[in-house]
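Student: Got a structure here, written out as structure tokens. Questions coming.
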Amino acid sequence: MRAMLLVNPKATTTNARRRDVLIRALGATVELTVEQTRYRGHAATLAGTARAKGYDVVAVLGGDGTINEAVNGLLNAINGDDAAHLDDPSSGRPALLVIPGGSANVFARALGLPNDPVEATGAVLEALRDGRRRTVGLGQALWEGESRYFTFCSGMGYDAEVVRAVEGLRGSGRKATPTRYVNTALRHYLATDKHHPAMTLAGPGIPAAKGVYMAIISNTSPWTYVGNRPVCPTPWAGFETGLDLLGLQRMGLISMLPVIRQILTERDSLPSGRHLVQLHDEPEFTLTAERPVAFQLDGDYLGERESVTFRSIPNALQVLV
């Protein structure tokens, strides 16, 4: 079996020595080629060449951003013949293998992998030896003639504003720790406009919901982690179903605190409240805004948008896990 391993040398929770150990372990099991990512979007470019170069597997050692790029490279490399066989993702397309190396590692943990990269490597080596694969669905966001796949979540509004702020801090050399995310979210909440909601939700067979401040779109659960604690605003979301959504129509503390408590402590129950907009297992819906609002995808800030359509792409990818 031939595998291309994409390594993000700036991954949060790995260093050069640990990366070398993991690479040797993988190299003892498969015919391995190692590529280091050098700029934003590089993982997508490399993954997009995997099939043409005859690789059976694209492995990623990095965080959710690097994994997202690799997934988009794999899916965007699909030609017309492949697109006709999306119900059979094993037909000629390299499988994905992930080793968590970031700060949150939501996708890897949602797949059931350990958060520690060494333990996760042991788990994926077992999957390689046993030929154990899982078929997963993805989400897709479309806007202004562009599109991008996501593995676990997207968002518009407040959560994307927090992602933007944290990316700014990372750009100045600070690490994206759980504490930094929480502190940034609290500071940003104080400055958030809580009186002029911008978004409207609509979709086929979905009653329009106006006055949405923030929308979380989920392809799986949890949405993210605070340290080891999962955050579950859409607990019924899964890789085998359509997309889920939680929208907030109020941002005051009296409305927010019960929701925060529920998504932190109740992993199997939907948050409750008259100010919430909720969808489960939907194939498609659109968020439009009266003014440009922040937009993120798998924790990657993608600018401000006025309209984004979200689609579920079932049986999109095979993962060795």
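The values are calculated or read from the model by the stated rules, or taken from the named source; none is laboratory data. In this text the structure is predicted, and so the values were computed from the model without any measurement. Cβ: placed from backbone, ideal geometry, glycine included. Neighbour counts: every protein chain shown.
Student: Condition test on Leu302, is it touching a residue at least 12 places away in the same chain (Cβ under 8 Å) and either under 21 Å from Gly238 (Cα atoms) or not assigned by TED's automatic domain parsing to the domain that holds Met251 (or both)?
Tutor: no
Student: Of Val106, Val163, which residue is crowded, with 22+ Cβ neighbours inside 10 Å and either among the charged types (D, E, K, R) or out of contact with any Pro (no Cβ under 8 Å at 6 or more places or on another chain) (or both)?
Tutor: Matching residue, one of Val106, Val163: Val163.
Student: Residues that are among the aliphatic types (A, V, I, L, M), farther than 24 Å from Leu138 by Cβ and not assigned by TED's automatic domain parsing to the domain that holds Gly171: list the strands (runs of 3 or more DSSP E) wholly contained in region 1-66 that include at least 2 such residues.
Tutor: Hits in region 1-66: 31-36.
Student: Go over the candidates Glu290, Glu282 one by one and state the one that is charged (D, E, K, R) and farther than 17 Å from Ile206 by Cα.
Tutor: Result of the check over Glu290, Glu282: Glu290.
Student: Okay, next question. Just to be sure I understand, how many residues within region 1-42 are surrounded by 18 or more Cβ atoms within 10 Å (Cβ to Cβ) and among the hydroxyl-bearing types (Ser, Thr, Tyr)?
Tutor: Summing the residues that are surrounded by 18 or more Cβ atoms within 10 Å (Cβ to Cβ) and among the hydroxyl-bearing types (Ser, Thr, Tyr) in region 1-42 gives 2.
Student: Give the residue, chosen from Leu276, Leu245, Leu320, that is farther than 19 Å from Gly157 by Cα and at pLDDT 95 or above.
Tutor: Only one candidate qualifies: Leu320.
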